[in-house]
Amino acid sequence: MSRQRNKNRLTNDLDSSEEEKDFSDFYSDEAPKEKRKPSDPEDILSRRNTWVIGIFILVAILWRFDWSPMKAAYGIGSSISNLFQSSDQVTTSQSTVINYTQLEYFDTIKDLNFDGTPTLDNTSILYQNRVPVEYLQALDDLDYLSDLTPNQALALHSSGVDIEFIEVMEELDYLDEVSYSGIIGMSSSGVSMDYLRTLDDVDYLDEVNYSGIIGMYSTGVSESYLRTLEDIDYLDEISYSGIIGMYSNGVTEEFLRELEDRDMLEDLSYSQIIRLYNQN
């Protein structure tokens, strides 16, 4: 009897233990814990770079606005406001001004004496490149516009050729002797109006083309050197390349005058003068 009671008690204890175990496993709210992985070095580097970039941008903004947070906030706000400004209003305003001005521009220059009647496309190109009407009218007054197409007139203006420069060539009767590209070349090379006047004074302007003028001026052949060659009656005997050659080789005005005084100049070419100067 006692043995039977102990057996029943042992069986109940075993059943109770199994039930508690099953109940605990089934209703457990705790999730299995995962082991924490060490942080990935790339993630750490990425987060650090993000902080560095953010700090750099903040410093740049504050520096731009004299280290004033209030100015920085106001400036950024103004920029964002301007960014979302109505593009329709801007486009409409510009279109109105351009259309009205271009029509007026066309009406003004259509009566000018170009080499050929300018088309609407020609006029548009002149207008878009901001060629003043006054510039074209001045060329017309010099009777030079009739030698130019609209594109050639544009090239003169775009290259910075002053009307005064062209007026001097007209004054020296040289305008008909040179092309528009020659005028651009001399102007771009810095050939002065005084230099052109000196060439005319020594009667050499008609003897040399624009490339020769550019060559002498760019080489540094002085006005005094040209006048000396005229004084010793040697200017008519030499080409512009010969003048450049003597000047570049250091042949002085004094040496040339000495040759003239010795009556040697007429028998010497410019290359012989250079050789004689170097030997002497």
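Please state which of the following conditions Asp173 fails to meet, knowing it meets all the rest: (1) assigned to a loop (DSSP other than H, G, I, E, B); (2) at negative phi; (3) free of Cβ contacts under 8 Å to residues at least 12 places away in the same chain.
(2)
Would you please list the contacts, defined by Cβ atoms under 7 Å and residues six or more apart or on different chains, that run from a residue in region 129-143 that is surrounded by fewer than 18 Cβ atoms within 10 Å (Cβ to Cβ) to a residue that is not in a helix (DSSP H, G or I)?
Hits for this filter: Gln137/Leu112.
For region 224-247, enumerate the residues that are buried (at least 17 other Cβ atoms within 10 Å of the Cβ) and either among the acidic types (Asp, Glu) or more than 17 Å from Ile274 (Cβ to Cβ) (or both).
Residue satisfying the conditions is Leu226 alone.
Give the residues of region 194-206 that are in a helix (DSSP H, G or I) and surrounded by 14 or more Cβ atoms within 10 Å (Cβ to Cβ), sorted by residue number.
Within region 194-206, Tyr195, Leu196, Arg197, Thr198, Leu199, Asp200, Asp201, Leu205 meet the criteria.
Take Val191 and tell me if it is crowded, with 17+ Cβ neighbours inside 10 Å, in contact with a Ser or Thr (Cβ under 7 Å, 6 or more places away or on another chain) and under 30 Å from Glu223 (Cβ atoms). Quick ask: steps written out before the conclusion?
Values: crowded, with 17+ Cβ neighbours inside 10 Å: yes; in contact with a Ser or Thr (Cβ under 7 Å, 6 or more places away or on another chain): no; under 30 Å from Glu223 (Cβ atoms): yes.
So Val191 fails the test.
Which of the following residues is surrounded by fewer than 17 Cβ atoms within 10 Å (Cβ to Cβ) and within 26 Å of Ser192 (Cα to Cα): Asn278, Asn209?
Exactly one residue qualifies, and that residue is Asn209.
Yes/no matrix, rows are residues, columns are (1) among the aromatic types (Phe, Trp, Tyr); (2) farther than 22 Å from Met216 by Cβ:
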{"residue": "Ser146", "(1), (2)": "no, yes"}
{"residue": "Asn151", "(1), (2)": "no, yes"}
{"residue": "Leu156", "(1), (2)": "no, yes"}
{"residue": "Ser159", "(1), (2)": "no, no"}
{"residue": "Asp173", "(1), (2)": "no, no"}
{"residue": "Tyr180", "(1), (2)": "yes, no"}
{"residue": "Met186", "(1), (2)": "no, no"}
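Going through Val202, Val191 one at a time, which residue ends up being over 35 Å from the mean Cα position of the chain (by Cα) and at pLDDT 95 or above?
Val202
The values are calculated or read from the model by the stated rules, or taken from the named source; none is laboratory data. Everything numeric in this text was worked out from a predicted model, so none of it was measured. Heads up, the Cβs are rebuilt from the backbone with ideal geometry, glycines too, and the neighbour counts pull from every protein chain shown.
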